[in-house]
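Laboratory data are not the source of any read-out in this text; all were calculated from the coordinates shown. Everything numeric in this text was worked out from a predicted model, so none of it was measured. Methodologically, a virtual Cβ is constructed for each residue, glycine included, from the backbone with ideal geometry; neighbour enumeration extends over all protein chains shown.
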Amino acid sequence: MELGRDPDRREEAEGNLTANRRPMHWVAPLALVAGLAAGSTTAAEPGKCTLVRIAEWAVRSPRGQPVVDGAINGQQIGVMLDTGAARSIILRSAADRLALIRYNSRGSRMIGVGGESAVETVSIDEFALGSEVRRNWRMLVAGEHEFGPDIAVILGEDFLSRTDVEFDLAHDAVRLFQARDCEGKDLAYWTTEGAGVVGFDASYGAGSAIELAVEVNGRPLRAQLDSGASSSVLTKSQAASIGVTPESKGVVAAGCSGGLGQKAIEIWLGSFETFRIGDELVRDPRIRFADIWRFSTIKRSSLIASRPSTLPDMLLSADFLRAHRVLVAHSQRKMYFTYAGGTVFPPLRAKECNEPPRAPADPTRAPASR
C-alpha cells in the first residue's frame, strides 16, 4: 500500500443540511451538549473565527472502535462513539445487566447491518460522561448482542452532530468543539502544512448519516463515515462492478460481521488499485467487501419487505480514523484530515462465521409498556 497526495487535485463535495425533527425524549443528548458548552470559558472576539474546545475524552479501542468511560446510575460503563448510528441507544443486554426496566415501544424497530432490532425504552436516573452528569433520561433500547464486555451505550449522530468532533485516535483522544464565526475558515488547527478536506452531506429525518465522496479504482462512490465499525467495507455489488468478486484472484474470506440485528454477513478481502478521498490517494489497498445491506429490509407487512433506496456504497470506519487525525466539522459540513501513520485499511480478520453472537438478550423479559 502506498499513500500520497495528488497536488493537482483537491476536491470538495459540498452537501446540504436539511431540517431535523426529533422525538421529545431526544432533548436529553442536546442538553448534555449544552452543559458541555456552558462549561467552556474561552472568550471569542466578535467576527473572529474561534474553535472552542468544550470537552476532551480519553479513548480506548478494545475492538477498534472509539470507546470512552461513562457511568449509569453509578455503575461504570463503556460508551461507543458511533458516527454511523442515527440515534443514541443503550444495548438491551446492558440494560438488563444494569437492572434497568425495559418498556415496550410498540411498532418501533431499528434496521441496519445485521437486520432488524426491536426498540424499547428505559428511564435512567443518572448518566455521567466525562465531567457532565445528566439526570432523568429516557433512552431507546436496541441490539440483539453485546458489542464488548462493558459497552452499554452507543452515542450516535443525534449527539455528535451538535458539535465539531475531532478524532485523534493516535493519541487516544476525542475532542468536542464549538466553532464561532468560522464559515469558510480552515479548522485543521493542528497543522500548518494543509489538511485534506472533503465536504459531506449531513442528511437527517428518519435517520442521520455523514456521507462523503470517495473513489475506488477511479469510480465515484458514496461512503458513510462510521466510527462504530472497526473496519471499512465496500458493498459487494460495487466491488463486482470494479471487477473484484469472491472468486477473483487473491481474494480471501475474512470472516463475518454484523450490527444491531442478529444476522451476520460474510466478508471478503480483495486488492484494489486505488482509494481516493479529497486529495489523498492510497495505492494498492486491500479493502473488505460484503453484501452489507443484505438484511437491511423493512417489513411493511407479513408479505411485503422493502429496502431503503439511498444506502451508501461503502462504510469508512474506525481503521481510517486511526490512520488519520480527523475533524468532523458539522458546523461547516466538512471533514478535515491529515495522515497520522500506519496502514489505512489493515487486513484484520473479523469473527468466524460459525461463531455464535455474544450474550443475546431476551426481549420477552421486557414488561408491558405503560
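Highest average first, the peptides 158-169, 112-123 ordered by how many other beta carbon atoms sit within 10 Å of their residues are 158-169, 112-123.
Take the Cβ atoms of Tyr339 and Cys49, set R0 to 25 Å, and the FRET efficiency comes out at 0.50.
Summing Lys, Arg as +1 and Asp, Glu as -1, what charge do residues with Cβ under 14 Å from the Cβ of Leu155 carry, Leu155 excluded? Neighbour charge sum, excluding Leu155 itself: -3. Using 0.36 nm per residue and subtracting the Cα-Cα separation, the extra length available between Arg283 and Glu183 on full extension is 32.7 nm. Considering only C-alpha atoms, what is the centroid distance from segment 142-195 to segment 262-279, in Å? Value for the Cα centre distance between the two parts: 23 Å.
On full extension, the segment bounded by Arg219 and Cys353 gains 45.2 nm, given 0.36 nm per residue less the C-alpha separation. The length gained on full extension between Gln75 and Glu193, counted as 0.36 nm times the residue separation minus their Cα-Cα distance, comes to 38.1 nm. Under 13 Å from the Cβ of Lys263, count the other residues' Cβ atoms, weight Lys and Arg +1, Asp and Glu -1, and hand me the total. With Lys, Arg at +1 and Asp, Glu at -1, the neighbours total -3.
Of the peptides 128-134, 328-334, the order by per-residue mean of other Cβ atoms within 10 Å, starting with the highest, comes out as 328-334, 128-134.
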